[in-house]
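The values are calculated or read from the model by the stated rules, or taken from the named source; none is laboratory data. Just so you know, these numbers come straight off a predicted model, no measurement behind them. Note that each Cβ is placed from the backbone with ideal geometry, even for glycine, and that neighbours are counted across all protein chains shown. Accessible surface is based on the protein model in full, side chains and every heavy atom, while ligands, DNA and RNA are left aside. Shrake-Rupley method; radii C 1.70, N 1.55, O 1.52, S 1.80 Å.
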Amino acid sequence: MAAPSKPVSSGTRPANSRGKPTLRTIADITGLAVTTVSRALANAPQISIETRNRVRQVALDIGYSPDRAAQRLKTGRTNVIAVLLEPHEEILGYGTSVMAGIAKALQGTPYHLIVMPNFLNAANIDAINYIIRNSMADGLIFSRTEPLDPRVMLLSENGFPFVTHGRTELATPHPFVDYDNFTFAYEATRRLIAKGRRKLALINGPAGYTFAGHIQHGFMTAVREAGCAYEVLSDIDLDSSAGAIRDRIRRRYAEKDPPDGFACGGEVCALATITGMTDCGLTLGLEYDIVAKQTSQLLSAIQPRVDTIYEDLTATGEHMGRILLHRIAGSTDINELQLLLSPALPFETQPVSVAD
């Protein structure tokens, strides 16, 4: 049972605690035993919620942070979550949004985030090996999965807790949070057909990533169901620069039988497509249409005529954080460790047909 607390004014700190605050500092302020403070900060269920909240608030007020080296020696844990962050120029605000969601999930826990940037020309299996070998974190989050992702295999073989943003095709299930890109592409394509577009084009993610396969499958399913003419612009993708996409769209319009409907996997891609078509003298909503995935409010604000389907990256980050905490705690319930997020469609889906 916790010792009764002493009445202490808010924000009071003992006179002898001018150095770095310690558990003893919090104990002196709250009137609790040091062991009670330690257990409260560890979120021990034996300590009342009221006491836990009071201890955390005092710790926050005085700027207390645990001695990670001592904790690691004592518990074998780092209290660190590592995020292997790749640059997504196509996805506006990707890092900010995802990190905000993860941070929200970790609120009230002893875990802290470290971000390890990884650039597209680097072999990030090396980054995974480095984290495992040096015990740099208790858990790992990363994105852009491949069907037979070697990172997932390595982490699974080592029993290292992780969650991916994206799925794989591996036989062994693993924790993930993913957006249903098949449904996004399927419904985006159906929307273009319903608007009377006769030939559709897809600008997809880079080949080799699982999400790109899901997008192409959704696109192909819709055009084949409708018997619609189509093409996949395979010489550009979501990692291409805006200028490269714009120039390819201009060249394509100058060629025979250009498309008049575009399914775009991101906002930068859509804006570059609009620029290319505008350079050719075409008007959005009259001579052509676009349906794009949106992860910010920029596209709809600049080009309200573009139909968009939203992906909430902050919610994705929060889900990944919570799932990883479950995995670190020892959960092996796959139903608790996997989540597929469904797109919320801002337009009604209707039966579509293609004129002869």
task: With springs connecting C-alpha atoms under 10 Å apart, model the chain as a Gaussian network and identify which of Val306, Val177, Val83 has the largest mean-square fluctuation.
output: Val306
query: Just how far, in whole angstrom, is segment 287-319 from segment 218-272 if you go by their alpha carbon centroids?
result: 17
- request: Given the options Thr30, Thr273, Thr295, state which has the largest fluctuation in a GNM of the chain using a 10 Å cut-off (strictly under) for Cα springs.
  value: Thr30
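Counting only trypsin sites (Lys or Arg not before Pro) that sit in a DSSP loop (anything but H, G, I, E, B) with at most 13 other Cβ atoms within 10 Å, what is the longest stretch of the chain containing none of them? Let's see the in-between values first.
Details: sites that count: Arg18, Lys256, Arg305.
Here the longest segment lacking exposed loop sites spans 19-255.
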Acute angle (nearest 10 degrees) that the helix 124-133 long axis makes with the longest principal axis of the chain, alpha-carbon atoms: 10
task: Return the long-range amide H neighbours of Gly205 (sequence gap of 5 or more, or a different chain), with a cut-off of under 5 Å between placed amide H atoms.
output: Leu238
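Ignoring GluC sites (Glu not before Pro) that are buried or in helix or strand per DSSP, and keeping those with at most 15 other beta carbon atoms within 10 Å, what is the longest stretch of the chain between them?
Numbers: sites that count: Glu89, Glu169, Glu255, Glu287, Glu348.
With GluC sites (Glu not before Pro) excluded where exposed in loops, the chain gives 1-88 as its longest stretch.
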- prompt: If all Cα-Cα distances of segment 160-218 are sorted into 10 Å bins from 0 onward, what percent lands in each bin, rounded to whole numbers?
  reply: 20, 43, 24, 10, 3, 0
- prompt: For segment 218-234, in order, what is each residue's ³J(HN,Hα) by Karplus, 6.51 cos²θ - 1.76 cosθ + 1.60 with θ = phi - 60°, in whole Hz (x at glycine and Pro)?
  reply: x, 4, 5, 4, 5, 5, 6, 4, 8, x, 8, 5, 7, 7, 10, 7, 6
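Full extension from Thr35 to Lys195: what is 0.36 nm times the residue separation minus their Cα-Cα distance, to one decimal in nm?
Here the segment from Thr35 to Lys195 would lengthen by 50.9 nm.
Please return the longest stretch of the chain lacking exposed loop sites, where chymotrypsin sites (Phe, Trp or Tyr not before Pro) count only if DSSP places them in a loop and at most 15 other Cβ atoms lie within 10 Å. Intermediate values should be presented prior to the final figure.
Numbers: sites that count: Phe119, Phe347.
Looking at the chain, 120-346 is the longest stretch - no exposed chymotrypsin sites (Phe, Trp or Tyr not before Pro) with at most 15 other Cβ atoms within 10 Å.
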query: Can you tell which of Met116, Met320, Met220 shows the greatest fluctuation in a Gaussian network model of the chain with Cα springs below 10 Å?
result: Met116
statement: Straight-line reach check, Lys256, cutoff 18 Å on alpha carbons, 8 or more apart in-chain or any other chain, hits among aspartates and glutamates -> Glu231, Asp235, Asp247, Asp279, Glu287
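Whole-Å semi-axes of the chain's equivalent ellipsoid, largest first, each the root of 5 times a Cα gyration tensor eigenvalue? Don't skip to the answer; put the middle values down first.
Values: eigenvalues 493, 89, 64 Å².
In descending order the semi-axes read 50, 21, 18 Å.
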statement: Taking Cα pairs closer than 8 Å and at least 6 residues apart, the relative contact order of the chain in percent is 18
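State to the nearest 20 debye the size of the charge dipole of the chain about its Cα centre, where the only charges are +1 on K and R beta carbons and -1 on D and E beta carbons. If you can, show how the numbers build up before the last one.
Values: 35 positive and 37 negative charges, 358 e Å.
Dipole of the chain, to the nearest 20 debye: 1720 debye.
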query: So which cysteines in the chain don't have a second cysteine's C-beta under 4.7 Å from them?
result: Cys228, Cys280
- line: Mean accessible area per residue over segment 237-356 (1.4 angstrom probe, all protein chains present, square angstrom) is 48
- request: Apply 1/(1 + (r/R0)^6) to the Cβ-Cβ distance of Leu154 and Leu340, taking R0 = 22 Å, and write down the FRET efficiency to the nearest 0.05.
  value: 0.40
message: Accessible area of segment 160-244 with a 1.4 Å probe: how many percent of it is carbon plus sulfur?
response: 50
- request: Tell me what the chain gives for mean residue ellipticity at 222 nm when only DSSP H runs of n ≥ 4 count, each as -39,500 (n - 2.57), the sum divided by the residue total, rounded to 500 deg cm²/dmol.
  value: -13000 deg cm²/dmol
message: On C-alpha positions alone, give me the angle between the axis of helix 242-254 and the longest principal axis of the chain, in degrees, nearest 10.
response: 10
message: Using only Cα atoms and rounding to the nearest 10 degrees, what angle (0 to 90) does helix 94-106 make with the longest principal axis of the chain?
response: 30
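So if we plug the beta-carbon distance of Ile49 and Arg24 into 1/(1 + (r/R0)^6) with R0 = 22 Å, what FRET efficiency do we get, rounded to 0.05? Don't skip to the answer; put the middle values down first.
Working: r = 23 Å, r/R0 = 1.06.
Calculated value: 0.40.
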message: Under the 0.36 nm per residue contour assumption, what length would be gained going from the current alpha-carbon distance of Leu298 and Asn134 to full extension?
response: 55.0 nm
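Taking every DSSP beta bridge that has both residues in the chain, what percent is antiparallel when rounded to the nearest 5?
Of all bridge pairs located within the chain, approximately 5 percent are antiparallel.
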